[in-house]
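Report on the following structure.
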Amino acid sequence: MDSLTKKIISLKCKVRQWETRKKKELDQELLLIEEEIDVIFNKKLGNIFCVEDNMNLESLESRKNHILLLKEEERRLKSKAICIKSDDNNSWFFHIFANQRRISNSIWDL
């Protein structure tokens, strides 16, 4: 194994570790945001929010939506990658099936 291959393997491992750490941080941040939103709703007076709470609530909601969009995009990209990989297998199966069907539906003699 040459040094370039070792470096690529090392980099791949580091990227996976970074990705795992980043996912955990986003999950923790999402939980903290939801807790802060609950605190704001629990301390409101009747149906009225003060201006500061309203601004905090808006910023927390926008950050929460941003995190959820990141997670959704990640899931979408992963499902697309899985679909592309499985389509390769399915296309092989489809072509075998279609060729067999074409052969069996052919008229050989009249």
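The values are calculated or read from the model by the stated rules, or taken from the named source; none is laboratory data. Everything numeric here is computed off the predicted structure, so don't read it as measured data. Please note: Cβ atoms are built from the backbone with ideal geometry, for glycine as well, and neighbour counts cover all protein chains shown.
Structure notes:
- Of all residues in the range 1-10, exactly one satisfies the criterion of being among the hydrophobic types (A, V, I, L, M, F, W, C) and outside any helix (DSSP H, G or I), namely MET1.
- Residue selected from the range 59-72 under the condition among the charged types (D, E, K, R) and under 22 Å from GLU19 (Cβ atoms), by the criterion surrounded by the fewest Cβ atoms within 10 Å (Cβ to Cβ): GLU72
- Answer from ASN56, ASN42 - the residue that is surrounded by 13 or more Cβ atoms within 10 Å (Cβ to Cβ) and either farther than 16 Å from LEU70 by Cβ or within 16 Å of the chain's Cα centre (by Cα) (or both): ASN56
- Residues (polar (S, T, N, Q) and assigned to a helix (DSSP H, G or I)) located in the range 30-51: ASN42
- Test: residue in the range 11-29 that is over 17 Å from the mean Cα position of the chain (by Cα) and not in a helix (DSSP H, G or I): no
- Checking each residue in the range 1-41 for being over 30 Å from ASN56 (Cβ atoms), among the aliphatic types (A, V, I, L, M) and at pLDDT 90 or above picks out LEU4, ILE8, ILE9, LEU11, VAL15.
- The range 63-79 residues that are in contact (Cβ under 8 Å) with a residue 40 or more places away in the chain, paired with ones that are part of a helix (DSSP H, G or I) (beta carbon under 6 Å, 6 or more apart): ILE67/LEU26; ILE67/LEU30
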